[in-house]
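Any read-out appearing in this document is the output of simple, stated calculations on the displayed coordinates, not a laboratory observation. What you see is a predicted model, and the numbers here were worked out from it, not measured in a lab. Heads up, the Cβs are rebuilt from the backbone with ideal geometry, glycines too, and the neighbour counts pull from every protein chain shown.
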Ligand code: GLC
């Protein structure tokens, strides 16, 4: 059951798709304090607090304070309170507490989850204008399911976007991209996507091309498509300030950019230097900016990533002026510690300065709203602008879209990648822990930069990260300018291992895609904490580094340097599956309990639950080469098992058609049958 409690005058975020009548009475579970701005509740000793989507620390959010405030934060260290996303969903699960909370509020939200007092939680908003949804259910899974129904169906990516993608800031020219593709193809490393970072543009201007380095873009897109490669360009939120550039001119002429108090357009700087920021909260602006994606759609592009949409601000025009004036005052002075710190702060404080976010406004249906009050809606509505355009211009075609900044609501228009992580082992663990939290909040098409974005990757880190990336819907290797190149062929000594690991992804695709599609269509989770599946098992409840994937698998990634294996907890007897390649599979029956499992760098290990099976493909070097109808069943069947298999054409939106489904069953005597309209050829790996 879901109840909506309304306070003040909530801003319409469109995060929720169900219109529930508001209740103005007392809120269950919480005491409402601080002029309705704080919701407080005790935490029972065994309660686990799940949720908050993309945040630092573990799956259990207890023991830290977080802040929903979409931030261009490149250092995802434990001490941080905010990253790029703001997902205001929490789920409290324990013996004496079981409920979900969604706070529909577009400004800053502070969460003190056992930080000030270990046994106490307080959620605080800036203004008492919000909708609070209390969700009750018998289990964590049921609560998440209801919440997902409340916020509407998650974005669905095309099937090709489940292939492996290679990215780097930056591939500067057609020739560089050709080389990346050629190296993958000649080494038989599967590949479906190459990402284009900001340098494909003319001076970092959205919806332009660098004509020197990408001279015939439409033809180049086709050349890539002939090799089963999709090019995926980046789009940034800031629009370069340059007269004669159509996006800038049209935005200025129509008043489409965010404005300062005096009514002039706000100017901040990003990659191109001074830039304007489209007022994505205004539907007219969304339609206009969304229409701009056609520039690339018309050239054959069918996927994008939206970036810098917190929005990131290197500095504001006004902030920079003020900083220079202050610096002048310090010139020629003897700077003591305080002054030198002040001097430093003048420069470092220029970026993403809270004062700047308070200095510009949106036009919300004729009403002026200061940006910081609705800050977390910005990236969401940039991606919505694209999503609404795709719906209009290619209504029956799926377009790949994922964003850096996000908030619940955006999950209907795109997925997310988790931004600028580093080539650190701790960030591999962070990704593992973020995935189920993101899934709860509706972000199913998600993944991190494999190998890490900042800092230098090593072969072993990249191998372990790839081994986990095999399971994430978005599987993309991406790295920053100036860091060690981390395309898999840069590590020749282990290139055959990468070929095999990525090849395993392609063999697993029928299962992974089927689970992803079912999770989106049925409002369920793709990655789940173990406790969701084994609620009575107290050991399972505490596991923070293993995940259930769909209803069949448990993944147990290795995320520590120089490890040759790891301890794994099995909440039930399971079959250990060890894959060295798409073809080389070994299995071993294991008992419930703790086990130390050796896991080498050249293999992928996962566990198959009792009386379950998963469909595998024979493999392929790109998604179109994978035959989703010619399946090998990997089984762990003692009595009988049934698997609901979903597959479709991968590009249209005819999701709910019965011809996309078949139910595969296996009886105790080993006989296998399929019932449904989706034709499949089956054999069994025994
Ligand atoms: C941001 C993005 C990163 C990208 C870079 C250059 O830092 O998060 O992925 O490579 O900008 O566009």
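How would segment 1-150 be classified by its alpha-carbon gyration tensor: rounded, prolate or oblate, with rounded meaning a/c under 1.5 and the a/b versus b/c comparison settling the rest? Rounded shape, in that the Cα axes give a/c under 1.5.
Take every Cα pair under 8 Å whose residues are at least 6 apart in sequence, average their separation, divide by the length of segment 522-685, and the relative contact order is 15 percent. Label point of residue 521 set 7 angstrom out along Cα-Cβ; within segment 641-663, amide nitrogens under 12 Å from it belong to 644-650, 653-663. Packing here is the average count of other Cβ atoms within 10 Å per residue, and on that basis the peptides 674-682, 407-415, 238-246, 458-466, highest first, run 407-415, 458-466, 238-246, 674-682.
Helix content alone sets the calculated 222 nm mean residue ellipticity of the chain: runs of n ≥ 4 DSSP H residues at -39500 (n - 2.57) each, divided across all residues, give -7500 deg cm²/dmol. A full extension of the chain between residue 397 and residue 592 corresponds to an added length of 65.7 nm, given 0.36 nm per residue minus the alpha carbon distance.
Distance from the C-alpha centroid of segment 119-143 to that of segment 337-383: 27 Å, rounded to the whole angstrom. In terms of surrounding Cβ atoms within a 10 Å radius of their Cβ, 198, 143 rank from fewest to most as 198, 143. Note on the chain: percent of Cα-Cα distances in each 10 Å bin, starting at 0 and stopping at the bin with the largest distance, equals 3, 15, 26, 27, 19, 8, 2, 0, 0.
Spin-label model, residue 18 to residue 328: label points 7 Å out along the Cα-to-beta-carbon direction sit 6.0 nm apart. Compute the relative contact order of the chain as a whole-number percentage, counting only Cα pairs closer than 8 Å that sit 6 or more residues apart in sequence. The value is 13 percent.
Using 0.36 nm per residue and subtracting the Cα-Cα separation, the extra length available between residue 138 and residue 370 on full extension is 79.5 nm. From the square roots a ≥ b ≥ c of the eigenvalues of the alpha-carbon gyration tensor of segment 522-685, which class results: rounded (a/c under 1.5), prolate (a/b over b/c), or oblate? Since a/c reaches 1.5 and a/b is larger than b/c, the shape of segment 522-685 is classed as prolate. Put the Cα centre of segment 276-326 next to the Cα centre of segment 170-231 and the gap is 23 Å.
For segment 154-280, a/c is not less than 1.5, where a ≥ b ≥ c are the root eigenvalues of the C-alpha gyration tensor, and a/b tops b/c. That puts it in the prolate class.
Please work out the Cα center distance from segment 386-425 to segment 594-642, rounded to the nearest Å. Taking the Cα centre of each part, segment 386-425 and segment 594-642 sit 28 Å apart. Per residue, the average separation of C-alpha pairs within less than 8 Å and at least 6 apart gives segment 367-441 a relative contact order of 28 percent.
Neighbour counts of other Cβ atoms within 10 Å put 686, 225, 499 in the fewest-to-most order 686, 225, 499.
As an exercise, use a Förster radius of 56 Å and the Cβ-Cβ distance of residue 684 and residue 321 to find the FRET efficiency, rounded to the nearest 0.05. Efficiency for this residue pair is about 0.20.
With a Förster radius of 22 Å applied to the C-beta separation of residue 287 and residue 249, the computed FRET efficiency comes to 0.80.
Extension gain, residue 33 to residue 175: 0.36 nm times the residue separation minus the Cα-Cα distance gives 45.0 nm. Residues 434, 224, 337, arranged from fewest to most other Cβ atoms within 10 angstrom of their Cβ, appear as 337, 224, 434.
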